[in-house]
Amino acid sequence: MKRLLLTALLAASVATTALVPPSAFADSKEQYVPLPTYRVGPYASSGTLWWAGTLDYFRYINEVEGGVNGVKLKVEEFETEWSPDRTVEVYERVKNGKDGAPVAFFFTHGTPASYALIEKGAADKIPLIDPAGGRTESTDGTVFPYAFPLLFNYFSQASVGINYIAQKEGGFDKLKGKKIVTVYHDSAYGRETQAAVELLAKKYGFENYQIPVADPGNEQSPQWRQVREIKPDWVFLRTWGVSTPVAIKTAQRFGIPADHIIGDVWAGSEADVIPAGAAAKGYQALAPYPGGASFEIHDRLRKTILDTGKSDLKDKKFFGAVYYNIGLINAVLAVEALRAGQAKFGNKPLNGEEGRWGFEHLTIDDARLKQIGFYGLLQPIKLTPSDHEGGGAARIQQWDGEKWVLVTDWIQADRDTLRPLIEAKSAAYAKEHNITPRSPTAEN
Amino acid sequence: MSQTLSNPPLVSRGVAPVTRLAPVALPGPRLGLGLPALLLLAFGVVPQLGGEYWLGAILVPFLILSLAGLGLNLLTGYAGQTSLGSGGFMAVGAFATFGFVVHGGLPLPLAIFLAGLVTAGAGLVFGLPSDRIKGFYLMVSSLAAQFFFEWLFQKFPWFYNYGSSGTITLPRLELFGFDIGSAQGRYYVTLSTVVLLTWIAVSLTRSQIGRNWMAVRDMDTAAAVIGIPVYRSKVVAFAVSSFYLGIAGALWAFLYLGSASVQSFGISRSFQVLFIIIIGGMGSIAGNFIGAAFISLLPLAIDHIAQGFFAGHVDAGLLQNIQKAIFGLLIIGFLIKEPDGLARLLRTLGERLSNWPLRF
């Protein structure tokens, strides 16, 4: 047995030495962009479109624009199957860059992975980017210098949902006494909005009901019977994966009209409504990432990437799908952050610290959006060292039975109301982990 | 633990006379140079050679999975009780450690130890039905443990200290005043724990308890007839196994991932641990390490090789699926070649190589 152990360990160590990655050489002209992806596993159908969008935009930058101010992006994918454990391994593998090309940011592509990496990222000085996800309180960059729940954190998602309901009802004063039910996926993602909705319920005087759906959620009759008994005015649907179409269909069976259900970001793609069939007609969803292929950037990509056969998309009918656009938007945020960083540090590949500076000074206004072709698709965004979200708005899109139709302009979240809640949570974290919040005005 | 034919008869070592009906003591372990060399390699050489990535992201999870496999192997491979609740018990270990540190203010090593005891208690409770049900039915009841703990640690916010997302994280890792947050520190702590617990497990399987387990596994009616307390043996096996799984869960959460939620200990984790012992070898201590290496290192090796040779030439999604297929084929191949697991395969190979002239 001993000999066996020895053999095993020896084999492992031989494998170890054989596979040690070559040490990094300085002075590369490329920016290394590692992407943890999931083309295999339960979420592959959404992931595949997502990575296609991201890769197509990076390809467009590299091949059409000649890189980010001349710095080419060296993109590499790593399969994780959406498992935070695998993502942690990938992060450790890539954090020192590759062949001298440094890492300026790391997309976690999943809230659980963001949680798992938050301290490692801070220690290694690698910005962790998780647009429309992540740990909500990491919006406070003074306590979480290297975590970015970019664009649209969970509290903002709750707030925009409530604001839209108020708009439909005809004003915030009309919310008083209304019944708003949140049906949520019982997971870290699903629970993240609870504190925010509770606060808003107190402020506006609506009745707040929270009904959990256990993962994976392919049978929801008890939940919707409960919803039926409450007789809600509105339903906020915060499900994910298979639980969304099931929820929409079950809601119809219990007589809840689809046009009074508002889906969250991650319950608002084609994959969420097509399986629900006719029941989904009229269903609305928050869209920080609107669907559609008629934006300026799509014309550019169609000409240079799609029609030249360089696209990662296997089926062209998904061009402009919600998940494809998620990929595009995340990629453009990264590229613009690199530009912001390069404006300070020079047109060269950036390291993690410089990447953070770039993200913290990322500003994209309407003029810039028109320049890069994202006007209407991406909201204007402005980050600061203490605000790692920077956006906080979404449009509302409605499913007409065949495609998503945008029904509103950008609706801004009530971020001032929610900020104290975020600060309370981040202060608790700082205390628990002995972190002295940095003061952004002191550094530059 | 079957005696293989090539082992020398017991009498030649002067341990037990031939006239005895059964040996009262097992032959002492053959303490050659193998074990010290192995320990020297693991403690002295590997940390010097391996970079941060290899220590922190490859070897630490490998060791922890080996420990989890060891825990399940004591229950399934030695005592013959099937279980699919490993993930749930690992979650108990992780959440109990967190509770002891955050709510109780205990130092980490003590918290992990106590969490192991808590998990042992939980395992004992879920081992109670083993009195009446066996085999696949027992497996289903252990599945209940898996789902119960997943539900429990999501439902009650006290377990994750009222955080907004149900994720548990510990402040900076410290052990007797030393910072063990670095990859080396985490590697040493994990390795020491695993070595200690492996040593205890080896001793346990060679003791009265371990032999009772094997008797129960091989035929519980016969074991009862010769006076072995069958039920108690089973319940003790559940408790000990859960203790190991609890420790493994705590290490997984705080020394490898850094933070965890119940999703890290889902049903797929239970299957992973089960595959480790099936592939490595049931009823074998070394099998856990081999199985864990196979399960955790092989996909990475395939991934490294694929990235090195094919990245950019083959469609990424296809490449990932091919890797899965290769991994699956390897498992099937190994199990057809040797249903008793890789440990047996390697032992057979070793025996063939040690008999000169070589025959294949």
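Values for this structure:
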read-out: Check on residue A:65, without any contact (Cβ under 8 Å) to a residue 24 or more places away in the chain and either over 17 Å from the mean Cα position of the chain (by Cα) or within 11 Å of chain B (Cβ to nearest Cβ) (or both); value: yes
read-out: Filter pass, residue B:256 being crowded, with 23+ Cβ neighbours inside 10 Å and either touching a residue at least 60 places away in the same chain (Cβ under 8 Å) or assigned to a helix (DSSP H, G or I) (or both); value: yes
read-out: Residues satisfying the stated conditions in segment A:202-211, i.e. out of contact with any Ser or Thr (no Cβ under 8 Å at 6 or more places or on another chain) and within 17 Å of residue A:227 (Cβ to Cβ); value: A:206, A:207
read-out: Yes/no for residue A:164 being among the hydroxyl-bearing types (Ser, Thr, Tyr), more than 19 Å from the chain's Cα centre (by Cα), within 22 Å of residue A:407 (Cα to Cα) and surrounded by 18 or more Cβ atoms within 10 Å (Cβ to Cβ); value: yes
read-out: Selection from segment B:220-243 of residues that are surrounded by fewer than 16 Cβ atoms within 10 Å (Cβ to Cβ) and either touching a strand residue (DSSP E or B) at 6+ places or on another chain (Cβ under 7 Å) or not in a helix (DSSP H, G or I) (or both); value: B:226, B:227, B:229
read-out: Hey, residue B:153 open to solvent by 70 Å² or more (accessible area, probe 1.4 Å) and within 14 Å of chain A (Cβ to nearest Cβ) or not; value: no
read-out: Condition check for residue A:199: surrounded by 24 or more Cβ atoms within 10 Å (Cβ to Cβ) and touching a residue at least 60 places away in the same chain (Cβ under 8 Å); value: no
read-out: Some residue of segment A:367-380 being more than 30 Å from residue A:281 (Cα to Cα), part of a helix (DSSP H, G or I) and within 14 Å of chain B (Cβ to nearest Cβ); value: no
read-out: From the options A:142, A:182, residue that is hydroxyl-bearing (Ser, Thr, Tyr) and surrounded by fewer than 21 Cβ atoms within 10 Å (Cβ to Cβ); value: A:142
read-out: Test for residue A:297: is it in contact (Cβ under 8 Å) with a residue 24 or more places away in the chain, of a type in the set (A, V, I, L, M) and over 29 Å from residue A:185 (Cα atoms); value: yes
read-out: Single residue of segment B:97-121 satisfying the filter (modelled with pLDDT under 95 and among the small types (Gly, Ala, Ser)) that is surrounded by the fewest Cβ atoms within 10 Å (Cβ to Cβ); value: B:105
read-out: Tally, over segment A:47-81, of residues that are under 20 Å from residue A:188 (Cα atoms) and crowded, with 22+ Cβ neighbours inside 10 Å; value: 2
read-out: Selection status of residue A:424, open to solvent by less than 30 Å² (accessible area, probe 1.4 Å) and either closer than 27 Å to residue A:358 by Cα or not polar (S, T, N, Q) (or both); value: no
read-out: Subset of segment A:207-262 (residues that are open to solvent by 10 Å² or more (accessible area, probe 1.4 Å), of a type outside the set (A, V, I, L, M), assigned to a loop (DSSP other than H, G, I, E, B) and at negative phi); value: A:215, A:216, A:218, A:219, A:232, A:233, A:240, A:254, A:257
read-out: Leading residue by the ranking (farthest from the other protein chains (Cβ to nearest Cβ)) among those in segment A:311-330 that are open to solvent by 40 Å² or more (accessible area, probe 1.4 Å) and out of contact with any helix residue (DSSP H, G or I) (no Cβ under 6 Å at 6 or more places or on another chain); value: A:317
read-out: Hits in segment A:370-389 (condition: out of contact with any helix residue (DSSP H, G or I) (no Cβ under 7 Å at 6 or more places or on another chain), within 27 Å of residue A:30 (Cβ to Cβ) and crowded, with 19+ Cβ neighbours inside 10 Å); value: A:381
read-out: Breaking point among (1) open to solvent by 20 Å² or more (accessible area, probe 1.4 Å); (2) more than 8 Å from chain B (Cβ to nearest Cβ), for residue A:129; value: (1)
read-out: Entirely in segment B:57-166, the helices (runs of 4 or more DSSP H) that have 3 or more residues that are closer than 18 Å to residue B:189 by Cα and touching a helix residue (DSSP H, G or I) at 6+ places or on another chain (Cβ under 7 Å); value: B:60-73, B:86-102, B:108-127
read-out: Test: residue in segment B:206-219 that is surrounded by 16 or more Cβ atoms within 10 Å (Cβ to Cβ) and acidic (Asp, Glu); value: no
read-out: Any hit, segment B:339-347, residues being hydrophobic (A, V, I, L, M, F, W, C) and open to solvent by 50 Å² or more (accessible area, probe 1.4 Å); value: yes
read-out: Matching option when the condition is open to solvent by less than 30 Å² (accessible area, probe 1.4 Å) and either out of contact with any Phe, Trp or Tyr (no Cβ under 7 Å at 6 or more places or on another chain) or farther than 15 Å from residue A:398 by Cβ (or both), among A:268, A:292; value: A:268
read-out: Restricting segment B:48-69 to residues that are within 12 Å of chain A (Cβ to nearest Cβ) and over 16 Å from residue B:300 (Cβ atoms), the residue that is surrounded by the most Cβ atoms within 10 Å (Cβ to Cβ); value: B:49
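Matching residues to (1) over 30 Å from residue A:419 (Cα atoms); (2) in contact with a helix residue (DSSP H, G or I) (Cβ under 8 Å, 6 or more places away or on another chain); (3) within 12 Å of chain B (Cβ to nearest Cβ):
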residue: A:32; (1), (2), (3): yes, yes, no
residue: A:49; (1), (2), (3): yes, yes, yes
residue: A:53; (1), (2), (3): yes, yes, no
residue: A:58; (1), (2), (3): yes, yes, no
residue: A:69; (1), (2), (3): yes, yes, no
residue: A:72; (1), (2), (3): yes, yes, no
residue: A:112; (1), (2), (3): no, yes, yes
residue: A:140; (1), (2), (3): no, yes, no
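The values are calculated or read from the model by the stated rules, or taken from the named source; none is laboratory data. The model shown is predicted, which means the values in this text are computed figures rather than measured ones. Quick reminder, even Gly has a Cβ in these numbers, built from the backbone with ideal geometry, and neighbours come from all protein chains shown. What goes into the accessible areas is simple: the full protein's heavy atoms, side chains included, and nothing from ligands, DNA or RNA. Shrake-Rupley method; radii C 1.70, N 1.55, O 1.52, S 1.80 Å.
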